[in-house]
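Encoded as C-alpha cells, the structure appears first; notes follow it.
The values are calculated or read from the model by the stated rules, or taken from the named source; none is laboratory data. As the structure is a prediction and not an experimental result, all values here were calculated from the model. Neighbour counts are summed over all protein chains in view; Cβ atoms, including those assigned to glycine, are modelled from backbone coordinates with ideal geometry. Please note that ligands, DNA and RNA were not included when accessible areas were found on the heavy atoms of the full protein model with its side chains. Shrake-Rupley method; radii C 1.70, N 1.55, O 1.52, S 1.80 Å.
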Amino acid sequence: MSASYDTKPTGEYLAFQQAYDFFNAELFAGQLPDCLITLQRKHGAKGYFWAAQFSARTADQATDEIAMNPETFATRTDAE
C-alpha cells in the first residue's frame, strides 16, 4: 500500500533524494523504504536518523527522516 503523502521532496532537496534513490538501487537492490531527507542545524550533531518521524494526518503510515547538518558539509573550491 502506498503512502497518502509525497515522500519524495522536490526543490533544493532533489539532489539528496536522487542520491538516496541511486544508492538504494545500486547497493541495496531497492530494498530501502522511501524516507524524507532534511537539513537540520542541530547543535553538536552532523545528522541523525529518526524512524517513523513523519505521518500523514489521514493515514496510519509514517516515513523515516534522515537529517543532515549543512554546517558540517565540506566546502568545495574551484581547485577541486
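With each label modelled as a point 7 angstrom along the Cα→C-beta vector, the Gln31-Trp50 pair spans 2.8 nm. For region 34-73, the solvent-accessible area with a 1.4 angstrom probe is 71 square angstrom per residue. Along the charge dipole of region 34-73, which of Ala45, Ala67, Ser55 sits closest to the positive end, that is, farthest toward it, with unit charges on the beta carbon of Lys, Arg, Asp and Glu (+1, +1, -1, -1)? Working it through, the farthest residue towards the positive pole turns out to be Ala45.
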